[in-house]
Structures are given as structure tokens and as C-alpha cells.
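*Asks:* I'd like to ask you about the structure that follows.
The values are calculated or read from the model by the stated rules, or taken from the named source; none is laboratory data. Here the structure is a predicted model, which means the values were calculated and not measured. For neighbour counting, all protein chains shown are included, and Cβ atoms are generated from backbone atoms with ideal geometry for every residue, glycine included.
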Protein chains: 2
Amino acid sequence: MHLLTDEVKGFLSNSSMIRRMFEAGIELKKQYGAENVYDFSLGNPDLPPPPEIKAAMQELTDVSDQPFAFGYMPNAGEVSARAALAKLVSKEQNMPVPPENIIVTCGAAGGINAFFRAVLNRGDEVICPAPYFVEYGFYAGNFGGILKPVPARKDFSLDIDALSAAINANTRAVILNSPNNPTGKIYTRSELAAVAELLRDARRKFGRMIYIVADEPYRFLNFDRVEIPSLLDLYDGSVAIGSFSKSLSLPGERIGYIAVSPKLDNSGELLGALTLTNRILGFVNAPVVAQKLIAKCWDCQVDLDIYRRRRDAMAKVLTDAGIKFIMPQGAFYFFPESPTADEKIFVQALLKERVLAVPGSGFGAPGYFRLAFCVSEKNICDSAESFKLAAAAVR
Amino acid sequence: MHLLTDEVKGFLSNSSMIRRMFEAGIELKKQYGAENVYDFSLGNPDLPPPPEIKAAMQELTDVSDQPFAFGYMPNAGEVSARAALAKLVSKEQNMPVPPENIIVTCGAAGGINAFFRAVLNRGDEVICPAPYFVEYGFYAGNFGGILKPVPARKDFSLDIDALSAAINANTRAVILNSPNNPTGKIYTRSELAAVAELLRDARRKFGRMIYIVADEPYRFLNFDRVEIPSLLDLYDGSVAIGSFSKSLSLPGERIGYIAVSPKLDNSGELLGALTLTNRILGFVNAPVVAQKLIAKCWDCQVDLDIYRRRRDAMAKVLTDAGIKFIMPQGAFYFFPESPTADEKIFVQALLKERVLAVPGSGFGAPGYFRLAFCVSEKNICDSAESFKLAAAAVR
């Protein structure tokens with residue numbers, strides 16, 4: 001007797017490669033000791049939360065025996081959290097975004113699900129440049145949507161012609177993740193303006209709204225201080241999604257937001273719908289502890305320099321091993337070319353040398369592999385010999 | 001240009017009556033002062049969390065400047081939280097339930113959504129006795145399921161014949177909420193055994209699994225210490241869903257669980273699917289702060305006697321006003337008969353007397369209204385005159 005839907009049963013048999021690496025890592029660490037394993041598989045920030053978080057936690061603790069200390073709140077979020085987010089988003093997007101345009105969500109993942117629930121009809125397509133964060137396919141699929149990956153150019157910049165060719169009467173949204181997981185690419189103003197122009201044409205042609213979802217949880221991880229243009233400003237039908245998982249090292253507490261472009265006509269309708277879908281998907285409201293933390297700590301962040309030094313160390317390790325890569329401008333990933341056509345062979349060779357990486361197939365880009373540099377600089381430097389040995393083994 | 005799907009647009013135009021009452025309440029409290037408004041509209045527990053929560057928060061605060069203090073964790077939940085939940089669930093269900101059978105969720109609402117995502121095909125039906133918690137319809141509808149309410153008997157017990165008649169080839173689950181919101185009813189062993197028997201027959205007849213979802217966030221609110229039988233024990237195809245929103249006054253922090261019956265054949269498949277759907281719906285994992293709190297405080301709870309005294313006070317208020325009701329055995333709601341056939345007229349009359357209640361239509365039971373007694377005993381007693389005046393006004 002079938003316990004699951006066929007769809008979900010299919011998902012299980014293709015269980016996440018990232019997760020399998022995670023499990024292999026646990027075994028290796030038991031065997032060799034954690035310091036002798038180079039685990040670049042997971043984007044789980046290892047930096048402690050900034051000290052302001054501890055102070056804010058103490059304030060919360062002091063009142064945690066009071067009525068309503070952890071009470072229900074408006075589904076869109078606490079007034080103080082929305083006000084803080086409005087300040088953050090206005091600064092980041094370089095345009096005034098009022099608190100009413102912001103819904104506090106259960107991380108970026110919760111925000112994207114709430115958005116797709118509100119706007120996707122069955123069969124609607126969501127375009128995204130590949131390589132891409134593989135969860136997007138699930139998020140669209142939860143509500144009958146279909147993810148349509150479109151290969152980026154060789155340098156990971158947007159292929160505007162390919163995106164244009166992918167748009168049709170079923171297109172409902174384009175999801176753009178910048179800085180990008182897994183490539184570290186930051187899209188330029190001219191690339192984004194070209195997408196906006198495409199979509200304005202397509203809306204006229206097909207007579208329906210086509211959204212841009214600007215997924216920006218890595219916005220603060222911008223190593224070279226290049227411009228990260230505001231899609232909220234460039235395109236009226238855009239929403240920006242963010243999270244504090246990386247900037248405040250709070251991934252387990254699940255806190256993020258969705259901001260609707262102030263340029264959108266009738267934006268109140270979309271915001272009302274997001275408030276409702278945030279409720280009915282079972283989030284009800286974003287976790288209250290995290291809401292109170294970001295209300296106080298919205299303008300804090302972990303030390304970017306630490307990540308920048310790690311990036312530079314990792315670049316040297318790869319270069320010394322003769323592995324080709326494009327230097328990531330942001331986020332905390334490298335997405336190098338595999339020295340073998342089938343990157344899974346190289347990932348196995350790395351595993352033999354106690355290096356954990358994720359095959360690019362898991363991101364819609366075979367022939368590459370992903371390294372997350374959420375580990376110490378020393379650990380990165382210590383992995384140099386292992387990369388050389390693995391590369392030599394497959395050449 | 002349509003911003004939303006037609007379905008979601010429809011939801012918005014029927015926005016929650018509970019929410020409208022909430023807004024009317026804010027206005028009344030501004031005008032007359034909070035102590036002169038009798039707000040029985042929302043199930044937002046007013047008791048402070050038990051003192052053990054403050055101690056557990058302090059422990060968390062002390063380590064909140066450490067790496068991974070709020071880190072990612074397995075999608076099914078922290079080992080310590082699942083172990084604590086296994087102890088709680090085993091005790092409550094009076095049978096051994098191992099940690100592997102438990103997924104930590106974003107409240108009960110998150111648990112039900114994760115479950116429906118795993119098992120509902122488009123067009124599948126979910127049966128529930130009416131009156132019922134109106135969000136169930138949304139939870140099923142999120143994944144193409146259809147809620148099929150079946151009226152309970154006049155005393156709010158289960159109508160086994162009516163349930164039997166409602167089952168067909170599309171039936172995928174029956175959701176039973178005991179103690180019940182809004183009626184306060186606790187289903188007896190013989191009622192639940194009859195449902196289990198029905199479903200065993202229907203499974204044979206239709207050749208598909210039919211689940212029971214035992215939604216039990218009010219399990220600890222059992223005023224007369226009657227038996228709350230274990231559906232996990234009575235029926236192999238059952239899951240029990242619980243939450244700490246009421247027992248620990250933590251509704252805003254969103255913490256609950258889903259426990260799969262240890263009697264289910266191949267339960268690992270369902271548990272694997274729930275781990276996946278919990279992840280892909282955007283919960284990723286239940287909020288980490290709450291997981292750490294329940295790992296320590298799973299066997300604590302707010303003082304039941306306070307709620308019992310309120311129940312008795314509310315019963316007296318209603319009796320004195322000549323309003324008919326069935327005494328709730330559990331949860332913190334009354335669901336009395338309206339003195340007028342159209343209960344919305346009576347709810348308006350109550351509003352004139354500064355009493356906030358929710359029409360029964362919002363629970364699939366016109367002619368009734370719901371009162372949540374999450375307010376002080378004094379406030380309940382003070383409302384006596386208002387109930388009398390409102391009842392007199394409509395007679």
C-alpha cells in the first residue's frame with residue numbers, strides 16, 4: 001500500500017548529494033579526526049554570531065517569564081522587526097522601502113515558498129540561470145510550478161538571449177540569486193537591466209505579470225565591493241528575499257524576509273496574499289526569538305574580512321593544484337571546473353584525500369564541483385596537498 | 001494584470017473572521033481601555049511560560065557567542081529534541097515511540113503541512129468532523145487536497161455513520177482534533193476504535209492507505225482527567241501531531257512535532273518523506289532556540305488549574321445569561337449555541353457590549369459561536385453583565 005505520492009517517492013530515491021557528502025564527512029571525521037578532514041560540503045557558517053546577538057538574547061531571557069514573551073503576533077511579523085527590516089532593505093536597495101512592503105519569513109526558503117504559493121498556478125514556469133541552488137525546483141514544484149534552468153555563459157554571467165528564448169506564455173517568474181550559490185557571481189547593472197527589459201516586453205506580449213525573485217541571502221558577502229544593483233528599483237514586478245542565516249550566523253533559527261518593490265501597482269494585494277500564504281503554509285509567523293533578535297541587530301554582521309581571507313587562501317590552494325576556477329565575487333563558494341569530464345570521479349578522488357566537495361550535477365552543471373569555505377583558513381591551507389594529490393590521481 | 005492566482009485572490013476576499021474580530025478588538029480597547037473589553041476571540045495563551053523556560057533561555061544565552069550556537073542541524077531535528085519528544089510522546093501515547101519516529105516541526109501547523117505534502121495527490125480528500133479548525137482546509141488545499149467536513153452529532157461526538165458515508169476512493173486521510181478546537185470535546189476510546197475499524201475496511205475496499213491525523217496540541221488541557229486514547233496505538237496508519245504553543249505558552253516561536261505510529265509497516269519511508277517535505281517547504285528545520293528549549297523543558301507545563309477555574313467561571317457566566325452550551329472537557333474554548341438562528345447577529349450584539357467572540361460559521365457550524373478563555377478569571381467574571389445584556393437584546 002503506497003504511503004507516499006509517486007512524486008515524493010521519486011524525490012527520496014534521488015536524495016540530496018549534499019546530504020550524502022554530509023554523512024560521508026561524519027564517518028571520515030570519526031576515523032581521522034575533524035582537523036584532518038577538509039569538509040567543504042555544507043554552507044553552514046562556522047563563525048559565531050556577532051556579540052550584539054548575545055546581548056539581545058540576554059534582554060529576551062530577562063523577560064521570558066512574562067505573559068506573551070513568545071506570544072502570537074501579526075502573521076506578517078512584529079512591528080519592530082518590520083521597521084528594522086525596512087531600514088536594512090532601504091539601505092541595501094538604495095531606495096525607500098516602507099515596513100508595509102516587508103513580510104518577515106522563516107528564512108529565505110520560507111519566503112520563496114510563501115511567494116510561490118501566492119502566485120504560481122499549476123504548470124507555471126519559473127526560469128533560473130544554471131548552475132542554481134537545487135532547492136528552487138522543489139519550491140516551485142510544491143505548488144505545481146516547473147523550474148526551467150537556462151545555462152549561464154561560461155563566465156557565469158547571464159545569457160540574455162537564452163533567457164529570452166526560454167520565456168513563453170507559461171512563464172511566471174525569473175529567479176536570480178546574486179551573489180550566486182554556487183558560483184559566487186554578482187550580476188551587473190547592465191545584465192539585470194536587460195532581464196528587466198525582456199520581461200517588460202514579455203508581459204505585454206503574453207498579457208500576464210512575470211515576476212523577478214531577487215534571492216539575496218549573500219548580499220553582505222561582497223568581497224570586492226562591486227555594485228549589487230537593486231532589482232526592486234530596476235523592475236516593478238520584483239520581490240527581494242533575504243536572510244540572516246549568513247550575516248548573523250543564525251541559519252538554524254530560520255529568519256528572513258520578503259520585500260515587495262514599492263514600484264509595484266497594487267502591491268497591497270500581493271502583500272496581503274503573502275501574509276496569508278505565510279500563515280497557511282504553517283509558518284504562521286517567523287520565529288519570535290529571531291524576530292526580536294533582528295529588530296535589535298539588523299545592522300550587525302559577522303566579519304567579512306575573515307571570509308575574504310579564506311577566499312584568497314582557497315584560490316591559492318586551487319591554483320597550486322592546477323584546478324581552473326572563476327574567482328567568486330561574493331557568497332562563500334567556489335565552483336571550479338573538474339579536471340575530469342565526469343566530476344563525480346574527481347569528487348571521489350577528493351574524498352579519498354579527505355576532502356569533501358559536492359558534484360556540480362547537483363546544481364545543474366556537470367563538469368564542475370562546489371566548495372563551501374565555511375571552515376577555518378588553516379583548514380583550507382592544510383587541504384593543499386590533498387587537492388594536488390587528487391588532481392594528480394585523475395590526470 | 002493579475003498579481004495572484006485566482007484561488008489565493010478568493011481566499012483574500014474571505015479573510016478570516018477571527019482576524020476581523022482581532023482588529024475590532026484593538027479599536028474597542030483603545031476606546032474603552034483593555035480591562036473593559038472582553039476579548040474571547042483569539043487562542044493566544046496569556047499565561048507566562050513556566051519558570052523552567054527562563055532558566056533554559058539563560059543557558060542558551062550563555063553560549064550564544066559560540067560557533068554553531070544557532071547552526072543548521074539535521075532536517076528532522078536536533079538529536080536532543082527528538083530524544084526528549086520520544087519520552088513525552090511515549091508517555092502521552094502510553095506506548096514506546098522511538099526518537100526515529102519523530103520529526104520536530106514548525107508548530108503543529110508546520111507538521112500538518114509537511115504531512116499533507118508527503119501524502120496528498122491532487123484531488124485527494126481529507127475528512128474532518130465539523131465544527132473544525134478552519135485552517136485545515138488551507139493546509140489540504142496547499143497541495144491540491146480537498147477538505148470534506150462531516151457534521152458531528154449534536155453533542156459534538158463523532159457521527160460514525162456519517163463518516164462512513166463520506167469515505168470514497170479519493171479519501172486519503174481523516175483528521176481528528178482532540179481535545180477539540182472549537183468544541184472542547186475529547187473523543188472516547190469506542191468512538192476512535194470505530195473510526196479505526198471503518199478505515200481498515202475502507203483500505204481493503206479501495207486498496208490504498210487512509211491515514212488518521214491525530215491533531216493534539218491541546219492534549220495536556222484535559223480538565224476532568226478523562227482518557228485521551230492513543231490513535232498511534234489504535235491504528236497503524238496514524239500520525240500524532242503536537243505543539244508547545246499552549247503547554248509552554250510558546251506560540252510565536254513555532255515548535256511542535258509529528259510522530260508516526262510505530263505500528264506502521266515501512267514507517268521509515270514515511271519518516272524519510274517527512275524529513276524531506278519539512279525541508280523543501282522552507283521550514284528546513286524547526287527553529288533551533290525552541291528545539292533547545294523543549295529538549296530541556298519537555299515535561300513542564302503551565303498551570304492547568306488556572307484554565308480549569310476559568311472554564312468554570314465562563315460556564316457560570318453563560319448559564320446566568322441563559323446561553324446553552326456543552327461543557328468543554330479540554331482545550332480552552334466554549335462553543336455555545338447562539339440565542340439567534342443567525343449567530344452573526346448575536347456576535348454583533350456581543351460586540352456592542354464589548355465582548356469579542358467568533359461566529360460558528362468560521363468553523364463550519366453556523367448557529368454557534370466560539371469563546372477562547374485565554375483571559376484572566378476576573379475578566380471572564382466581569383463580562384457577565386455584557387452577556388446578559390446581549391442575550392436580552394436579541395431575544
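*Asks:* Do the conditions hold for residue B:141, that is, is it buried (at least 20 other Cβ atoms within 10 Å of the Cβ) and within 13 Å of chain A (Cβ to nearest Cβ)?
*Replies:* Judged against the criteria, residue B:141 is not a match.
*Asks:* Let me spell it out: the conditions are (1) aliphatic (A, V, I, L, M); (2) surrounded by fewer than 22 Cβ atoms within 10 Å (Cβ to Cβ); (3) at positive phi, and residue B:351 meets all of them except one. Which number is the exception?
*Replies:* (3)
*Asks:* Ok, one more. Keeping to the range A:236-245, report how many residues are closer than 18 Å to residue A:111 by Cβ, assigned to a loop (DSSP other than H, G, I, E, B) and touching a Lys or Arg at 6+ places or on another chain (Cβ under 9 Å). Step through it out loud before you land on a result.
*Replies:* The initial filter retains those residues of the range A:236-245 that are closer than 18 Å to residue A:111 by Cβ, namely A:237-245.
From the residues that got through so far, the ones that are assigned to a loop (DSSP other than H, G, I, E, B) too are A:237, A:244-245.
Adding the requirement that they be touching a Lys or Arg at 6+ places or on another chain (Cβ under 9 Å) leaves A:237, A:245.
Adding up the residues that qualify gives 2.
*Asks:* Can you tell me how many residues within the range B:114-124 are within 7 Å of chain A (Cβ to nearest Cβ), closer than 15 Å to residue A:141 by Cβ and either within 16 Å of the chain's Cα centre (by Cα) or part of a helix (DSSP H, G or I) (or both)?
*Replies:* 2
*Asks:* Okay, moving on. Examine the range B:95-106 for a residue that is in contact with an Asp or Glu (Cβ under 8 Å, 6 or more places away or on another chain), under 26 Å from residue B:142 (Cα atoms) and either in the same structural domain as residue B:247 (by TED's automatic domain parsing) or among the charged types (D, E, K, R) (or both), and state whether such a residue exists.
*Replies:* Narrowing the range B:95-106 to residues in contact with an Asp or Glu (Cβ under 8 Å, 6 or more places away or on another chain): B:95, B:104.
Checking which are under 26 Å from residue B:142 (Cα atoms) leaves us with B:104.
Checking the rest, the ones that are also either in the same structural domain as residue B:247 (by TED's automatic domain parsing) or among the charged types (D, E, K, R) (or both) come to B:104.
Scanning the range B:95-106 turns up at least one residue that is in contact with an Asp or Glu (Cβ under 8 Å, 6 or more places away or on another chain), under 26 Å from residue B:142 (Cα atoms) and either in the same structural domain as residue B:247 (by TED's automatic domain parsing) or among the charged types (D, E, K, R) (or both).
*Asks:* With respect to the numbered conditions (1) surrounded by 16 or more Cβ atoms within 10 Å (Cβ to Cβ); (2) within 30 Å of residue A:376 (Cβ to Cβ), which one is the sole condition not fulfilled by residue B:58?
*Replies:* Result: residue B:58 fails condition (1) only.
*Asks:* Here are some residues: B:284, B:394. Which one is at positive phi and surrounded by fewer than 24 Cβ atoms within 10 Å (Cβ to Cβ)?
*Replies:* Result: B:284 is the single residue among B:284, B:394 that is at positive phi and surrounded by fewer than 24 Cβ atoms within 10 Å (Cβ to Cβ).
*Asks:* What residue, of A:293, A:248, is modelled with pLDDT under 95 and surrounded by 24 or more Cβ atoms within 10 Å (Cβ to Cβ)?
*Replies:* On the way: A:293 fails: modelled with pLDDT under 95.
Going through A:293, A:248 in turn, just one is modelled with pLDDT under 95 and surrounded by 24 or more Cβ atoms within 10 Å (Cβ to Cβ): A:248.
*Asks:* Restricting attention to the range B:24-69, which residues are more than 10 Å from every other protein chain (Cβ to nearest Cβ) and free of Cβ contacts under 8 Å to residues at least 40 places away in the same chain?
*Replies:* Correct list: B:26, B:27, B:29, B:30, B:31, B:33, B:34.
*Asks:* Let me ask something else. Looking only at the range A:365-390, which residues are more than 22 Å from residue A:245 (Cα to Cα) and modelled with pLDDT under 95?
*Replies:* Hits for the range A:365-390: nothing passes.
*Asks:* Can you say whether residue B:101 is within 14 Å of chain A (Cβ to nearest Cβ), farther than 23 Å from residue B:9 by Cα, touching a helix residue (DSSP H, G or I) at 6+ places or on another chain (Cβ under 9 Å) and at pLDDT 95 or above, as far as the supplied structure shows?
*Replies:* Numbers: within 14 Å of chain A (Cβ to nearest Cβ): yes; farther than 23 Å from residue B:9 by Cα: yes; touching a helix residue (DSSP H, G or I) at 6+ places or on another chain (Cβ under 9 Å): yes; at pLDDT 95 or above: yes.
The answer is yes for residue B:101.
*Asks:* Hey, among B:255, B:241, B:294, B:228, which residue is out of contact with any Asp or Glu (no Cβ under 6 Å at 6 or more places or on another chain), more than 24 Å from residue A:77 (Cα to Cα) and in contact (Cβ under 8 Å) with a residue 60 or more places away in the chain? If you could, list the steps in order and put the result at the bottom.
*Replies:* Values: B:255 fails: more than 24 Å from residue A:77 (Cα to Cα); B:241 fails: out of contact with any Asp or Glu (no Cβ under 6 Å at 6 or more places or on another chain); B:294 fails: more than 24 Å from residue A:77 (Cα to Cα).
None of the other options fit; the residue is B:228.
*Asks:* Could you check residue A:120 against (1) without any contact (Cβ under 8 Å) to a residue 12 or more places away in the chain; (2) in contact with a Phe, Trp or Tyr (Cβ under 7 Å, 6 or more places away or on another chain) and say which number it fails?
*Replies:* Going through the list (1) without any contact (Cβ under 8 Å) to a residue 12 or more places away in the chain; (2) in contact with a Phe, Trp or Tyr (Cβ under 7 Å, 6 or more places away or on another chain), residue A:120 breaks only (1).
*Asks:* When the residues of the range B:260-311 are narrowed to those that are in a helix (DSSP H, G or I) and of a type in the set (Gly, Ala, Ser), which ends up farthest from the other protein chains (Cβ to nearest Cβ)?
*Replies:* Initial filter on the range B:260-311 (in a helix (DSSP H, G or I)): B:267-280, B:288-297, B:304-311.
Those left that are additionally of a type in the set (Gly, Ala, Ser): B:267-268, B:272-273, B:290, B:295.
Details: B:267: 8, B:268: 10, B:272: 5, B:273: 5, B:290: 7, B:295: 13 Å.
Per the criteria, the residue is B:295.
*Asks:* For the range A:166-189, indicate whether the set of residues that are within 14 Å of another protein chain (Cβ to nearest Cβ), more than 25 Å from residue A:92 (Cα to Cα), surrounded by fewer than 24 Cβ atoms within 10 Å (Cβ to Cβ) and of a type in the set (Lys, Arg) is non-empty.
*Replies:* There is at least one residue in the range A:166-189 that is within 14 Å of another protein chain (Cβ to nearest Cβ), more than 25 Å from residue A:92 (Cα to Cα), surrounded by fewer than 24 Cβ atoms within 10 Å (Cβ to Cβ) and of a type in the set (Lys, Arg).
*Asks:* Criterion first (surrounded by fewer than 21 Cβ atoms within 10 Å (Cβ to Cβ), hydroxyl-bearing (Ser, Thr, Tyr) and at pLDDT 95 or above) does residue B:238 satisfy it?
*Replies:* On the way: surrounded by fewer than 21 Cβ atoms within 10 Å (Cβ to Cβ): no; hydroxyl-bearing (Ser, Thr, Tyr): yes; at pLDDT 95 or above: yes.
Taking the combined requirement at face value, the residue does not satisfy it.
*Asks:* Mind listing just one residue for me: the one in the range B:202-222 that is more than 14 Å from chain A (Cβ to nearest Cβ) and out of contact with any Asp or Glu (no Cβ under 9 Å at 6 or more places or on another chain) and, of those, nearest to residue B:152 (Cα to Cα)?
*Replies:* In the first step, residues of the range B:202-222 are kept if they are more than 14 Å from chain A (Cβ to nearest Cβ); the result is B:214, B:216, B:218-222.
Pick out the ones that are also out of contact with any Asp or Glu (no Cβ under 9 Å at 6 or more places or on another chain) and you get B:214, B:218, B:221-222.
Working: B:214: 16, B:218: 19, B:221: 21, B:222: 20 Å.
Restricting to residues being more than 14 Å from chain A (Cβ to nearest Cβ) and out of contact with any Asp or Glu (no Cβ under 9 Å at 6 or more places or on another chain), the top hit is B:214.
*Asks:* Please tell me if residue A:165 is in the same structural domain as residue A:221 (by TED's automatic domain parsing) and part of a loop (DSSP other than H, G, I, E, B).
*Replies:* On the way: in the same structural domain as residue A:221 (by TED's automatic domain parsing): yes; part of a loop (DSSP other than H, G, I, E, B): no.
No; evaluated as a whole, the condition is false for this residue.
*Asks:* A further question follows. Could you list, in sequence order, the residues of the range B:138-162 that are assigned to a loop (DSSP other than H, G, I, E, B), over 18 Å from residue B:361 (Cα atoms) and small (Gly, Ala, Ser)?
*Replies:* Residues of the range B:138-162 assigned to a loop (DSSP other than H, G, I, E, B): B:142-145, B:152-159.
Filter again for over 18 Å from residue B:361 (Cα atoms), leaving B:142-145, B:157-159.
If the condition is that a residue be assigned to a loop (DSSP other than H, G, I, E, B), over 18 Å from residue B:361 (Cα atoms) and small (Gly, Ala, Ser), then B:144, B:145, B:157 are the ones that fit.
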